[in-house]
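Any read-out appearing in this document is the output of simple, stated calculations on the displayed coordinates, not a laboratory observation. No experiment lies behind these values; they were computed from the predicted model shown. All Cβ positions, even for glycine, are placed from backbone atoms using ideal geometry, and neighbour counts span all protein chains on display.
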Amino acid sequence: MAATNDPFQFQEFEEAGNLLEVNRDATTISIEDDGPEPQKQRNAAGYSPDADNDDPLGTDDTAELLSGQKKNAPFWTFEYYQKFFDIETHHVKERIFGSMMPWPGKNFIHVYLRRNPDLYGPFWICITFVFAIAISGNISNFLVHSGKPNYRYTPEFRKVTIAATAIFSYAWLLPLALWGLLLWRSNKVMSLVSYSFMEIVCAYGYSLSIYVPAVVLWILPYEWLRWCSIVVALCLSGSVLVMTFWPAVRDDHPKIIIAIMSGIVLLNVLLALGCKTYFFSTPEDSHPDGK
Amino acid sequence: MAAAEDSRPFAGLSDVSISEDIPVEGDISVPVGSSRRDDELSTLDEPVKETILRDLRAVGKKFVHVLYPKRSSALLRDWDLWGPLLLCVTLALLLQGGAADSDNQGGPQFAEVFVIIWFGSIIITLNSKLLGGTISFFQSLCVLGYCIMPLTVAMAVCRLVLLGVTGSVGFAVRLAVVTVSFGWSTFASTAFLTDSQPPNRKALVVYPVFLFYFVISWMVLTFSPSQ
């Protein structure tokens, strides 16, 4: 690099890009760039769908410090939460479709979130799911029991609160536990990819979006239809979650990998089955509501 | 010399002297506009009936704006929360007396309706502000609350229908009425709210409003009377 040993002689340095090749974690600033763009392009290029990258995605905040938009506001201010709503309509649509149709090798967080997790999707998808379950359950109960003489229709409003508790704890408390678990493991195994809490919440929230049409389908009182749609929804959302979290655990101890992956899948199955059995009564139920 | 003297203003006054022992006295009084002060304080002096009627007229004017939603800024400029409170209490009262009122699988209680309407409005307002909307917090609450009016009217109509007609004909009538008023509410509130949003996020703001009125319509439609 430097031609002479004279410290006062101006030294020609190589381009920032070449410097970055040597050490990918280094932060480089070049005078003529416009700040965030070269860094982001490099990141995006590094995450091509078929590239088996071992780069730590991490919660490094060098990118955030370089990009002017994400200021580190304290968490009790309004601006802190505003940066999680920095998305547009087509982004939300892409993310929902991406979570419904998993593609092998496409990691949801890498491909769709791209360091911009949002809170809009998880929150409103959860609320939609809560009301979809409550309303569909109510309609399906009505359709199943309507012929019976003792049946009195009730709106069953209490079930909304129960549904809300179950779904919000699945979509928000479980990512908290998973994030803590991944953080603990990444302290022990150095080369683990780790996701930020918001990215995990985003992945879980968007993975629930396949359940909303499935739950609406469950209104029709045909058991084979319900089981088909539950299996399809489970496969799709489970595979999205598994493919998302696979890079985070694959370098770990095999037993831990199996434990975490099976935990994710099992809780997903539990949620689906629990919703179905609690909110939707089957035509074989012969106990009319004695009201 | 003379011409120069003549051209100076007040040329002839240079030899006027004022003796110092002429007292200068008089009265300086500022004309107090006593009638004007009475106008400013007049809202304290007016009869209570006037004050109440003025507020009622403002609320009534906003009801008319909801009935014929145009892109006017009157609803936004002078927001008030009397109308939403009135509508919310009316709707919650009309939703009482339903089937299985004392059981735990009945319809929504008064407090639940209240919480849904007010918390729902607050969450939608926060959502639109976080997405970069320029509307203020209380203006948005005001708009969302006033646009519940078609659904309150539909609830009253549904209760009347339930008194007379039962069975599937009654249900069809109620469904039609509730659907129309749901569309009216959503259309009216989006007419007021979408102007303040950036254009690439309008759908993100409209969807929660749609969900909010859908849930309220569901509560109105599934009201079943105790028999």
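Each Lys and Arg contributes +1 and each Asp and Glu -1, all at the Cβ; summed about the Cα centre of the range A:81-280, the dipole is approximately 260 debye.
For the range A:169-269, the relative contact order works out to 30 percent when only alpha carbon pairs closer than 8 Å and six or more residues apart are counted. Pairs of Cα atoms nearer than 8 Å and 6+ residues apart set the relative contact order; for the range A:80-130 it is 51 percent. What separates the Cα centres of the range B:152-227 and the range A:67-127 is a distance of 31 Å.
Relative protection proxy for A:80-92, B:84-96, from highest mean packing down: B:84-96, A:80-92 (other beta-carbon atoms within 10 angstrom). Of the cross-linked pairs A:Lys83/B:Lys202; A:Lys93/B:Lys129; B:Lys62/B:Lys202; A:Lys93/A:Lys188; A:Lys255/A:Lys276, those separated by over 26 Å at the C-alpha level are A:Lys93/A:Lys188; A:Lys255/A:Lys276. Rounded to whole numbers, the Karplus 3J(HN,Hα) couplings from phi for the range A:131-138 are 6, 5, 5, 5, 6, 5, x, 5 Hz, using 6.51 cos²θ - 1.76 cosθ + 1.60 with θ = phi - 60°, and x at Gly and Pro. With contacts taken as Cα pairs under 8 Å at a separation of at least 6 residues, the range A:81-280 carries a relative contact order of 32 percent. Whole-percent P(r), the range A:81-280, all Cα pairs, 10 Å bins from 0: 8, 34, 33, 17, 6, 2, 0. For B:Cys147, A:Cys235, the sequence from fewest to most other C-beta atoms within 10 Å is A:Cys235, B:Cys147. Residue ranges A:200-207, A:109-116, A:180-187 sort as A:200-207, A:109-116, A:180-187 when ordered by packing (mean number of other C-beta atoms within 10 Å per residue, highest first). Inter-chain neighbour count for A:116-124: the average number of beta-carbon atoms from partner chains within 10 Å of each residue's beta-carbon is 2. What is the sum of charges around A:Arg95, taking Lys and Arg as +1, Asp and Glu as -1, for the other residues whose C-beta is under 13 Å from the C-beta of A:Arg95? The answer is -1.
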